[in-house]
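The values are calculated or read from the model by the stated rules, or taken from the named source; none is laboratory data. Just so it is clear, the structure is predicted and the values come from calculations on it, not from any experiment. Note: ideal-geometry Cβ built from the backbone for every residue, glycine included; neighbour counts use all protein chains shown. Accessible surface is based on the protein model in full, side chains and every heavy atom, while ligands, DNA and RNA are left aside. Shrake-Rupley method; radii C 1.70, N 1.55, O 1.52, S 1.80 Å.
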Amino acid sequence: MIDRITVRGARQHNLKNFDLEIPRNTLSVVTGLSGSGKSSLAFDLIYAEGQRRYVQTLSPYARQFLDQMERPDVDSIEGLSPAISIEQKTTSRSPRSTVGTITEIYDYLRLLYASIGIPHCHRCGRPISRQTTDQIVASIMALRDNQHPGENADGARIMILAPVVRGRKGEFKKLFEQLSRQGFVRVRVDKKLQQLDEEIQLDRRRNHTIEVVVDRLLLKPGIESRLAASIETAMKLAKGIVLVAVVDGEERLYSQEWACADCGINIPRLEPRSFSFNSVYGACEACKGLGSRYAFDPAKVIADWSRPLFRGGLGPGGGSTFLQRSLARAAEIYRFDLNTPFEKFPRKIQNLVLVGRNPDNPRAQSVFSGVIPLLEQWYGETTSASYREWFEQFMSAVVCWKCQGRRLRPESLAVKVAELSIADLAVLPITRAAEGLKKLKLTPREEILARRILNEISERLEFLMGVGLGYLSLNRSAATISTGESQRVRLATQIGSKLRGVLYVLDEPSIGLHPRDNERLLRTLEKLRDLGNTVLVVEHDEETIRRADYVIDLGPGAGKQGGYLVACGPPNKIAEAKESLTGRYLSRSLLIPVPSSRRSANGKFLSVLGARANNLRNIDVSFPLGVLTVVTGVSGSGKSTLVNDILYRTIARKIYRAIEEPGAHRAIQGLEHIDKVIVIDQSAIGRTPRSNPATYTGLFTPIRELFAMLPESRERGYRAGRFSFNVKGGRCKACQGEGLRRIEMNFLPDVYVLGSCRRSWTWALAISTSASPRRRFPAARPSASSSAASSAAGRPAARFTSWTSRRPACTLTTSSSSCRCSSA
């Protein structure tokens, strides 16, 4: 039996061709400096090879639907199991994904509510029940058993009534005549008994309720058959509704259909899809199950309030010629300078630019409709999914007015278990939801229907609490949870699957955890190992390293200085390795010094008063300005609520007029000391394969401008856009600026080929590589072979159009559409 994973000749990325053995069925930790090759070893090599081998066991037909991985750069790997990775990535960016849907708990809740949920009328709140005739008879006969001592020993006297008219105007003379011909003797009109052979005068301008007296009888043994016949007759008259009135007592309304007899509202048969916000049968009609609607947010539309609109201030639409002309015309009429930073504009000019409204001139809308209305128009007209997704990054969610963020139809929200709707249960923290389900009392019939469902729900909730996520709620959007929380949600899902013999690879699962919750996480990882799995964790946390069975330390540095196997073995062996930087910290020979003095605040404060959003208990907090302030506490204690939901949103609303609603609080003092607020979260910074640090930080803009200023560029009329691999005309036509071409191989993994980036109409790189005596940079003519060599050495491909021959610069003019040199 193979008891270890053996890696020989690991050369992936910066790994330096080392051999390694990892014991199977253990909790192993890969540690080292950031950039030392931990993820390359764990994910890009071990996980990728395990996943690749597993996919190869499938049929060619099945493989074409899966993302197949290329073989990593390694001589051999032995002892691998089917691999599952749990990385630090947000589980889903879909606004429809929640913690409940990811873990499948919500699916079981839908089954639970469809099985034993009690429908209520969403207007009047009365319970709605659908009963057969036998069930109605049994319920009525129970009235006889519930009599108080001293009452008639034979039973209660009741009337069987058929409500044929409920709250309608009219005289109803024809109805009374029809009932008399059918043989009925009495009716109850507005709670008053009357004979049908008498003339009944009703005010036709008032609402009336008319109930036919089908039978009057005394509840006693042997009366069941007559009672059943009377109920059937009443239901035929009243379309499935019967009213049972005890003489001088209570009245009970029964229905054979899912309908409210008082309001006349019918609800469809309860099914699991009735509680799904991803189905038309359960989703709110106004928001389509999203719980919110999206609108353009001024705080996102104006990307930088300290810059002019067309110099980096405006986010979307800044490159639109129509928008530029419209704003220029508005600036001429209302006399404001577009070169002024947006924050320096008066409030009325800001309103004019954003929404086209100027209080001083009601005709402002006719001159310029506003940036936001224009964006809404473009968003509504586009049919491109990618274009709509790009627009949505400048929008913020506003709670749906109809469902108040609960996503479901009113009929579905009115179905309750233990006096809670499915939305009420999903909004509870997981710990409270688990406690409530444990206290749920079931009837014998409900026990048969729902016991297995409840066991599955409780088990999964326990797994989530076991990884320290008891503070989350099941309706929490997957897009709003951190990468660490996302990883632990998926970890809990894997524990629930109870697989054995699997290789699990995790990426820093302890990130963001309080020490109390870290202990729970470690117990969960050990439980996963004890099931018979191999757990490989990339981690920096000291407690995780000390609890591991086996530790792999990579280093000694990062990047080119990393990728070596420094030490491996149990944690105590790593602590004894003098060449291991991690070991020196474990042995306490190296320590992180605590500052002897702290920086003093500037005497100004931001004070949040009466914070009571989510689980905050009406607290007052002051944040000193001019210093680094840390907000800490156990997971779920309210840190993000205080800082992100209350403090940031309130400042953003005041400064940038953001539309996101701040969390509940009384007031915030000291806002006059703040003129800008920036949030730095864990969301991904790049949305396209062409994004890189230079484009994100803005460094690439002055580089492109510098190239556009070269004499050769000015001769050809090239602007900065000609040197962008994001713009048509500057990017390579073959690879579309990505540097690689993807070739689909159908039944084989996709092949990525480096773009040769030549014979494009711009020849942008030819400018910097020209033989002209005026060039300012050394000549460097990249060819296809040199591009491949540079990529193999870890450098990105050119991604621009390139000059591959040794000839002088191309003589292409700005009016030409193709190259005139002989090489073309």
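Which whole-number value in Å² is the accessible area per residue of the chain, probe 1.4 Å? Don't skip to the answer; put the middle values down first.
Numbers: 44130 Å² over 824 residues.
Here the residues of the chain average 54 Å² of exposed surface.
With every protein chain in place and a 1.4 angstrom probe, the accessible-area ranking of 94, 36, largest first, reads 94, 36. The alpha-carbon of residue 16 sits under 15 angstrom from the alpha-carbons of these aspartates and glutamates, leaving out residues fewer than 8 places away in its chain: 44, 73, 75, 553.
The order of 305, 401 by accessible area, most exposed first and with a 1.4 Å probe, is 401, 305. Positive end of the dipole of the chain (Cβ unit charges, origin at the Cα centre): among 380, 564, 292, the Cα lying farthest that way belongs to 380.
Taking volume of the Cα convex hull per residue in Å³ as calculated from this structure, the corresponding entry among [x] 291; [y] 174; [z] 301 is [x]. Element breakdown for the chain at a 1.4 angstrom probe: carbon and sulfur atoms account for 49% of the accessible area.
Please work out whether the range 280-321 counts as rounded, prolate or oblate from its C-alpha gyration tensor, where a ≥ b ≥ c are the square roots of the eigenvalues and a/c under 1.5 means rounded, while otherwise a/b larger than b/c means prolate and anything else oblate? Could the numbers behind the result be given before it?
Working: a/c = 6.99, a/b = 3.23, b/c = 2.16.
Because a/c hits 1.5 or more and a/b exceeds b/c, the range 280-321 counts as prolate.
Computed over every Cα-Cα pair of the range 579-642 and binned at 5 Å starting from 0, the pair-distance distribution P(r) comes out as 4, 13, 14, 15, 12, 14, 10, 9, 7, 2, 0 percent. Treating cross-link reach as a plain straight distance, find the lysines whose alpha-carbon is under 27 Å from the alpha-carbon of residue 174, omitting any fewer than eight places away in the same chain. Within the straight-line cut-off, residue 174 pairs with 191, 192, 236, 239. For the set 235, 709, 465, solvent exposure ranked by accessible area (probe 1.4 Å, protein chains only) runs largest to smallest as 709, 465, 235. Taking a quarter of the surface of the Cα convex hull of the range 482-634 gives a mean projected area of 13.2 nm². For residue 604, the lysines whose Cα comes closer than 19 Å to its Cα, not counting residues fewer than 8 places off in the same chain, are 654, 676. Computed from point charges on the beta carbon alone (+1 for Lys and Arg, -1 for Asp and Glu), the dipole magnitude for the chain about its Cα centre is near 3120 Debye.
Heavy-atom accessible area for residue 534, with the other protein chains in place and a 1.4 Å probe, reaches approximately 10 Å². Rg/Rh, computed from the Cα trace of the range 540-628 with Rh as the Kirkwood radius, has the value 1.26. Estimated from helical segments only, the mean residue ellipticity of the chain at 222 nm is -8500 deg cm²/dmol, where each DSSP H run of four or more residues counts as -39500 (n - 2.57).
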